[in-house]
Each structure stands twice: as C-alpha cells, then as structure tokens.
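Visitor: Quick one: this structure, given as structure tokens, is what I'll be asking you about.
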Amino acid sequence: MSHFNAFGFVVLRGLLSKDEVAQLREESVASLTGAYGVGALDENGDMASVPAYVVPTMNDNTPLSSSLVADDPRFWQASHHFMGGPTVPTNSEATGYWANSRWHSDMNADVQGVKFMVYLDACTPETGRLQVMPGSHLRAPWTAFWDHVSQDPHRQGLSVDSREWSIPSYDIDTEPGDVIVFHSNLLHASAGGQLRLSWDTSYFLYPAMSGTERGEMIRDAVLYTGDYGHHPYDHEKWTTWRDWVASADTDPRRTAIRRLEVLGVLGVEGADIGAPKWQPTLTNPFPLVSGAPYKPRSSK
C-alpha cells in the first residue's frame, strides 16, 4: 500500500490465474471482433488500420469480465483499500490499441480514482508496454509535472523526434495474469511494438453526500468513462450497465448499483448502453492541441 501511495501505482504479479486470463482474452477478442467486425483483429492478433478499438464487457456474453467489477473482492474490495474509503465502479472494457499514446492521466486532479489494468499478452520493450511517471498523482507536484508534459512539441502539433523531449519514466513489463493498479491522476503513456490487447475497469472515491458538487463531479467521471457514443458499434448489443444491473445476484453488485443510482448515473438517458446524453461539467486539462475536446478514454 505504501508503494501505491508514494508512487501512484503497483503491479500485482500473478493475481489472475492462467484459466482466468484465457477466459478474459476469449471474452475480449470475441467482444472486439463482434462489435467491429471480423477484420478488427485477424487470426494473428494484428489490428486493422485504425488506431484503437474499445468495447464494454458488461453483458451476458462476458461473464468473467462483468463479474470482476463488483463481485470479486480482488477488484471491488481492493479499490476501497487503495482509495481509503468507499468507491463507485465504472464498467469494464476490452481495448485493442496499436498506436503509441502520449502522456496523460485518466482524470483531472479533482477526481480521485484507481484503475485495474490487465494486459492479456506479455508486455516488453519489443511488444509495447505501459510507462508511468512515479509520484505524478500527488497533488503538490501534479501541476509541475503536467506543465512540463504540456510543452511537448507533439502536443503543439509539431513534427519532431519524440526522443528530443525527455521525460523520466518507469516502464512496466508484465506477463498475462499480472494486474497493474494505478491512480487516475497518474501521468502515463504507452510506447511501441505490437497490438496491446487489454482489459480494465476503474473505481472512483464515493462522495460522502449525494447532490453535492463533488457528487456531480464523480457522476460525470463515471459517465465519461462509460461514454462510447462516438464508437461505431451496436450499443444495444454491447451495453454498459443495462445487462449488468439486470443480472445482479450478489450483495456487492447490488451495493455498487445503489451507489450508481444515488449519484444519478443510471438515471441519465443512454447511460445504460454506453451512449449517455447529458451536459458534461468536467474540464479537460490534457488537450493534445489547445482547444481539443475532453476525451479521457482516447488512449490506453
């Protein structure tokens, strides 16, 4: 726990069994190819020409993926431990990401949360891996870290060798079954190599009172994370909350659903299928170019 608090991340080696990894991979590949077509991932696991595919894994065809969100103490109860208090979950998702991602954090400094990420293949310098900036989640240095990152010439639309913009970082090598846990404010990126097929889910610190400014902020964070409206797949088939809520048969999941209801997440039109219609209130501290819209889920 001290490692997570100090550096903003920790790697839980071998948390998932070989059989669980195999099932997560099967569910993730089936979801991605089913949502985007058989050409999304070919038989060798290579991607088509688009930079990324992402789809929620919360329906009846993804039983393990959906159960890990709130039914499994290794994730749901662990999120309370890492956050130091009650949390509210986001949906799980599968991502096939090919291109590099620039330095970013998942949420701004006002939203406290934790992500659990599982790479379903070995991640090495040759295949591509997650990079993190240890300590960048802490509120005091966060502004200074981001001030440096924001000056990256690539974020200004300039075409220069990225190696000319040095950022000290820690590269995380993983094997299937390892789970990377990192703070939602931690600056991170990914670089190089082959297809990175991953599964993840996140949790945000649950506010003490609903109907407050902080409650609205956390509601928006959950809605942002579950907003797939701009992704071209059948949202009625690959839902976020609809099937997951309907199949609630454990007390932990029912508790999670109650928190989502209190925050107002499930009352937003379209939220149940990953296409919420609401007026966002969060602001984007991480534009790729000045004036760019807030897309906190655009890179992994």
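The values are calculated or read from the model by the stated rules, or taken from the named source; none is laboratory data. As the structure is a prediction and not an experimental result, all values here were calculated from the model. FYI the Cβ positions are ideal-geometry reconstructions off the backbone, even for glycines, and counts take in every protein chain you see.
Visitor: I need the full set of residues from region 232-267 which are part of a loop (DSSP other than H, G, I, E, B), buried (at least 20 other Cβ atoms within 10 Å of the Cβ) and out of contact with any Gly (no Cβ under 9 Å at 6 or more places or on another chain), in order please.
Guide: none
Visitor: Being of a type in the set (Gly, Ala, Ser) and either surrounded by fewer than 17 Cβ atoms within 10 Å (Cβ to Cβ) or at pLDDT below 65 (or both) is the filter here; which residues of region 268-300 pass it?
Guide: Answer for region 268-300, where residues must be of a type in the set (Gly, Ala, Ser) and either surrounded by fewer than 17 Cβ atoms within 10 Å (Cβ to Cβ) or at pLDDT below 65 (or both): Gly270, Ser290, Gly291, Ala292, Ser298, Ser299.
Visitor: Looking at region 35-48, can you tell me whether even one residue there is surrounded by 16 or more Cβ atoms within 10 Å (Cβ to Cβ), in a helix (DSSP H, G or I) and at pLDDT 90 or above?
Guide: Yes, the conditions are met somewhere in region 35-48.
Visitor: Can you tell me which residues in region 205-231 are of a type in the set (A, V, I, L, M) and either in a helix (DSSP H, G or I) or free of Cβ contacts under 8 Å to residues at least 40 places away in the same chain (or both)?
Guide: Ala208, Met209, Met217, Ile218, Ala221, Val222, Leu223 - these are the residues of region 205-231 that are of a type in the set (A, V, I, L, M) and either in a helix (DSSP H, G or I) or free of Cβ contacts under 8 Å to residues at least 40 places away in the same chain (or both).
Visitor: Taking the condition touching a His at 6+ places or on another chain (Cβ under 7 Å), buried (at least 21 other Cβ atoms within 10 Å of the Cβ), modelled with pLDDT of 90 or more and closer than 22 Å to Ser31 by Cβ, does Gly226 pass?
Guide: The answer is no for Gly226.
Visitor: Please specify each residue of region 75-115 satisfying the condition of being closer than 20 Å to Ser169 by Cα, part of a loop (DSSP other than H, G, I, E, B) and of a type in the set (D, E, K, R).
Guide: Asp106 - this is the single residue of region 75-115 that is closer than 20 Å to Ser169 by Cα, part of a loop (DSSP other than H, G, I, E, B) and of a type in the set (D, E, K, R).
The rows are residues; the columns are (1) in contact with a strand residue (DSSP E or B) (Cβ under 8 Å, 6 or more places away or on another chain); (2) modelled with pLDDT of 90 or more.
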residue	(1), (2)
His188	yes, no
Leu197	yes, no
Leu205	yes, yes
Ala208	no, no
Glu213	no, no
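Visitor: Within the set of pairs 6 or more residues apart or between chains, which connect a residue that is assigned to a loop (DSSP other than H, G, I, E, B) and crowded, with 24+ Cβ neighbours inside 10 Å inside region 181-194 to a residue that is among the aliphatic types (A, V, I, L, M) and modelled with pLDDT of 95 or more with Cβ atoms less than 9 Å apart?
Guide: Ser184/Val114
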